[in-house]
Amino acid sequence: MSDLTNKRIVLGVSGSIAAYKSPEIVRRLQDLGAEVRVIVTNGGREFVSERSLQTISKNKVHDNLWDKEAELAMGHIELAKWADVIIIAPASANTIAKLCHGRADDLLTTVILATEAKIMIAPAMNQQMFAASAMKDNLELLQKRGMDIIKPGFGEQACGDVGEGRLADPLDIAKQAADLFTSSLLSGKNILITLGGTKESIDPVRFISNHSSGKMGMALAHACIQAGAKTTLIVGSISVDIEKRAEIIHVVSAEDMYKAVMKKINSQDLFISCAAVADFKPKKMSKNKIKKNDSPMTIELIENKDILATVSQLEKKPICIGFAAETENHIENARIKLKKKKCDAIILNDVSKSEIGLNSNDNEVHFITKNKSEIIEKNTKQIIAEKIINKLANYFFKSS
Ligand code: C5P
């Protein structure tokens, strides 16, 4: 669940057999949303084809400091400025040594000198070379200068040796790059999020539920964690991967969700009620599976407790944020909800459009408080979540 959306990454590929894994690194970075440009050194070119890197990165591979045409398209200084992060993976012993000396005898080392971007180094070499004291000193020096070293793995190497020096896993490299973008916007804050749908049992095998996927709630959880908050999730029925860095409490029914929220609410600074809680449940759950018979079937429903409204009215309450899924008179209905539930803000979804909202990957929402209504325009749920969390942090926690 790491995220590199809108991030620009230069991947430097130097001369190590592990360069054959560099297209995979490009892919993993792209999977997290990054745009990637590749620089290959002369050594790197011996182990991986430029054509593969170009096809996968969807950008021309940069390889020559003296190529006039390439310099006209995107010169080395421009490339150095373009990058948010430069990752050298694999970083060969030679490239690492050149960085220590501030050499600028090829495109990669020149770009490194010319950049203000964060630099990450993923060494990959024979275990004996990696263990050499010169290598240890070099890496320590680069670390002191502010570069991040991505630890190599331990195991069997291309040369047959066994030891430390294998290129880190491409997914781990991408995740470590994503970790650079975590903020402290909400550090020290405790955040409780409900998400997913609830299931209201009719009998031991049947239930009433809804189409909620939990995508928006999980995106919010990710954004809260990236912003440094201690995040607890009360999770109903979902169809997304769980954010593993959060504390997770699984629930089934609205009643379970209510109890789980009440147990945790005292220690929270912010409560985001993103779950699609069933408003009604069967008055009685049949102990045994209900059998068909010839007469029409009716289920008597009773109202579930409103979790958000209950929390919003606690004497010692956190900042409370609700979601409103509306199909008509959106803003008006959301404002009525804000007032009725006494919460601090409502995030309004227009669920009449199939391309946004419930179960889709995108969303467009309105952020509504007593005095304000701002649109957060259509984007992926992850970007929408980050924007919501930024707004919440600025609106409710800025001075604290
Ligand atoms: O009233 P409505 O269901 O439209 O309100 C939606 C908001 O209220 C959402 O934030 C939802 O999580 C919350 N809610 C709740 N408990 C309920 C019903 C809705 O917390 N029983």
| request: Determine which aspartates and glutamates satisfy two conditions relative to Lys317: a Cα distance under 14 Å, and not lying fewer than 8 residues away in the same chain. | output: Asp269, Asp344
| note | Ile248 and Ser267 label points (each 7 Å along its Cα→Cβ direction) are spaced in nm at 1.9 nm
| remark: Hull surface over four for the Cα convex hull of the stretch 190-396, reported in nm², is 12.4 nm²
| field | Nearest-10 value in Å² for the accessible area of Met297, using the 1.4 Å probe | value | 120 Å²
| note | Projected convex hull area of the stretch 21-98, Cα atoms, direction-averaged, in nm², equals 5.4 nm²
| query | Among bridges DSSP assigns within the stretch 190-396, what percent are antiparallel (round to 5)? | reply | 40 percent
| With every protein chain in place, what's the accessible area of Ser187 (1.4 Å probe, Å², nearest 10)? | 70 Å²
| What is the pair-distance distribution P(r) of the stretch 259-322, computed from all Cα-Cα distances in 5 Å bins starting at 0, with each bin given as a whole percent? | 3, 13, 21, 16, 11, 10, 8, 7, 5, 3, 1
| request: Between Ser354 and Arg27, take the C-beta separation as r, use R0 = 25 Å, and let me know the FRET efficiency to the nearest 0.05. | output: 0.25
| query | Taking only the alpha carbons of the chain, what extent do you get along each of the three principal axes, in Å, biggest first? | reply | 81, 49, 38
| task | Compute the whole-percent fraction of alpha carbon pairs in the stretch 154-238 spaced more than 14 Å apart. | result | 74 percent
| Counting DSSP beta bridges in the stretch 8-179, what percent are antiparallel, to the nearest 5? | 20 percent
| task | May I ask you to list the lysines whose Cα is less than 16 Å away from that of Lys353, ignoring any residue fewer than eight positions away on the same chain? | result | Lys378, Lys381
| request: State which entries of Lys7/Lys387; Lys230/Lys263; Lys283/Lys341 exceed 19 angstrom in Cα-Cα distance in the structure shown. | output: Lys283/Lys341
| query | Leaving out ligands, DNA and RNA but keeping every protein chain, what accessible area does Cys159 have, in Å² rounded to the nearest 10, with a 1.4 Å probe? | reply | 90 Å²
| What whole number of Å gives the distance from the Cα centroid of the stretch 194-239 to the Cα centroid of the stretch 334-381? | 17 Å
| List the cysteines of the chain that have no other Cys Cβ closer than 4.7 Å: which are they? | Cys100, Cys159, Cys224, Cys274
| remark: One checks the Cα atoms of the stretch 8-179 and finds Rg and Dmax, in Å, of 14.7, 45
| query | Label 7 Å along Cα→Cβ of Lys340; the stretch 257-297 residues with amide nitrogen under 15 Å? | reply | 277-280
| Label points 7 Å out from Cα along the Cβ direction at Leu113 and Lys398: separation in nm? | 4.4 nm
| query | Between Glu374 and Ser49, what FRET efficiency comes out of the Förster formula 1/(1 + (r/R0)^6) with R0 = 51 Å and r the beta carbon distance, rounded to 0.05? | reply | 0.60
| query | Not counting the cut sites, what is the longest span of the chain without GluC sites (Glu not before Pro) that DSSP labels loop and that have at most 14 other Cβ atoms within 10 Å? | reply | 117-299
| In the stretch 207-272, which trypsin sites (Lys or Arg not before Pro) are in a loop and have at most 15 other Cβ atoms within 10 Å, using DSSP for the loop call? | Lys244, Arg245
| said: Once you place label points 7 Å from the Cα toward the Cβ at Glu156 and Ser187, how far apart are they in nm? | reply: 4.3 nm
| request: Starting from the Cα-Cα distance between Ile77 and Ile149, subtract it from 0.36 nm times their residue separation and give me the gain in nm to one decimal. | output: 23.5 nm
| Directionally averaged shadow of the stretch 57-121, computed from the convex hull of its alpha-carbon atoms, nm² | 4.4 nm²
| note | Any trypsin sites (Lys or Arg not before Pro) in the stretch 78-126 that lie in a DSSP loop and have at most 16 other Cβ atoms within 10 Å would be Arg103
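The values are calculated or read from the model by the stated rules, or taken from the named source; none is laboratory data. Computed from a predicted model, the values in this text were never measured in an experiment. With ideal geometry, Cβ positions are generated from the backbone for all residues, glycine too; neighbour counts draw on all protein chains shown. The accessibility values were calculated without ligands, DNA or RNA, using every heavy atom of the protein model including side chains. Shrake-Rupley method; radii C 1.70, N 1.55, O 1.52, S 1.80 Å.
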